[in-house]
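Encoded as structure tokens, the structure appears first; notes follow it.
The values are calculated or read from the model by the stated rules, or taken from the named source; none is laboratory data. As the structure is a prediction and not an experimental result, all values here were calculated from the model. Heads up, the Cβs are rebuilt from the backbone with ideal geometry, glycines too, and the neighbour counts pull from every protein chain shown.
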Ligand SMILES: [Ca+2]
Ligand SMILES: [Ca+2]
Ligand SMILES: [Ca+2]
């Protein structure tokens, strides 16, 4: 009976990553050290992303249709300016003004000319927030939909996370502090943490002795735009570390329930549980139901046992109370390990370490910082699993909560109804409603476009596949 109370986490990928990396020089690299050196072999150093800067030295001039082309250029030169770019057959021009000149004075000069329709300042916008984290270019999972991502740059333009929104990470703990033999992950130094608890060792220090929980936390709220390492989905939100899995990644239902009740009693808005097991229990079910009843959005990984016939995974299968997340890889196909079933709600990037579809020289895992053999041996590791997919959704839920709702039904509806459909049209047991689109979800939340009853949709939809 005791074994039935055990819940094994769904992704212990350190071993997978190491064995891939060690299997030959031609295999993808799976970890990057803090200084940019590579853990196993040594390809080229990644380049940091470019940064847009606004300029005070440019204006826009639009000439009237009857202004001859040669006159346009003559007028620009007569003002000491030069054309940087043009469109509309040369009528609309981006113009550099002379050094030391004020844009407004040049604009007024051009506006006095009969052959000029208008002149105005060149305003710069950032097309999307692009964090300066060094290895962000390797986080394909946070980029555009066309390259396997969930559109975080456009989402961050709208919402980067409210510190009052707390995401409880129920896992192996988090490398969030220096305490005893434990060290804070360098790229969690700017992440906000609220007090958690260690239900394995029964103390106030839920330090990670496994590595999994730190990686999961990174996807939710890695310190972002800090010039270091990688980015996280809801980096402005706060993390509550709750350790309910031991150093082997195993925890009992009672312990997990304790962790859930702790999170509820201490102000969690969202709970992420990147874990699962084959057993149902009243204890676990009641705790998850209580979270839902108390207005907490509960996000779970769907499980990694596709090869074993996709056995039902709990707590993901508590369908009415939690969002169950499957995994896709770079090409938006279901990751080979990801469970299918009637309880799958959405998919998110979980990666596939057996391929390098984006041809960046690395296996297509999810890149976040965690430690290796020693608790102070931090590097950026590519992991795969539905454990890696779920925190993308928990992070998106936290961004939606930061937009003003904490109602689990509203959050779930926003996520599901803006997901990009994959597989057969409509909800299906392989992809749920599809892959999450963070930009669409935060953009559409609150616009009145989501007046849909999620319960009725789900019943209708799942009814067709059962
Ligand atoms: Ca960072
Ligand atoms: Ca790759
Ligand atoms: Ca579908």
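Residues are listed down the side, and each one gets a yes or a no for (1) at pLDDT below 95; (2) within 16 Å of ligand 3 (Cβ to nearest atom):
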| site | (1), (2) |
| --- | --- |
| 411 | no, no |
| 421 | no, yes |
| 449 | yes, no |
| 456 | yes, no |
| 460 | yes, yes |
| 463 | yes, yes |
### Checking residue 55 against (1) modelled with pLDDT of 50 or more; (2) over 30 Å from residue 244 (Cβ atoms); (3) crowded, with 17+ Cβ neighbours inside 10 Å, the condition it does not meet
(3)
### Summary
Matching residues in the range 194-225 (touching a strand residue (DSSP E or B) at 6+ places or on another chain (Cβ under 7 Å) and at negative phi) number 21
### Query
Out of 249, 229, which single residue is assigned by TED's automatic domain parsing to the domain that holds residue 153, in contact (Cβ under 8 Å) with a residue 40 or more places away in the chain, on the phi > 0 side of the Ramachandran plot and under 21 Å from the mean Cα position of the chain (by Cα)?
229
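Mind checking which residues of the range 227-251 are surrounded by fewer than 24 Cβ atoms within 10 Å (Cβ to Cβ), touching a strand residue (DSSP E or B) at 6+ places or on another chain (Cβ under 6 Å) and within 27 Å of residue 401 (Cα to Cα)?
Selection gives 238 alone.
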### Query
If you take the residues in the range 173-192 that are assigned to a loop (DSSP other than H, G, I, E, B) and touching a strand residue (DSSP E or B) at 6+ places or on another chain (Cβ under 8 Å), which one is nearest to residue 161 (Cα to Cα)?
191
### Message
Out of everything in the range 347-376 that is under 16 Å from the mean Cα position of the chain (by Cα) and assigned to a strand (DSSP E or B), what residue ends up being surrounded by the most Cβ atoms within 10 Å (Cβ to Cβ)?
### Response
347
### Query
Taking residue 101, is it modelled with pLDDT under 95, out of contact with any strand residue (DSSP E or B) (no Cβ under 8 Å at 6 or more places or on another chain), surrounded by 13 or more Cβ atoms within 10 Å (Cβ to Cβ) and not assigned by TED's automatic domain parsing to the domain that holds residue 402?
yes
### Task
State which residue pairs qualify: first residue under 17 Å from residue 327 (Cα atoms) and inside the range 401-430, second residue within 16 Å of ligand 1 (Cβ to nearest atom) and outside any helix (DSSP H, G or I) in any location, beta carbons under 9 Å apart, and separation of 6 or more residues or different chains.
none
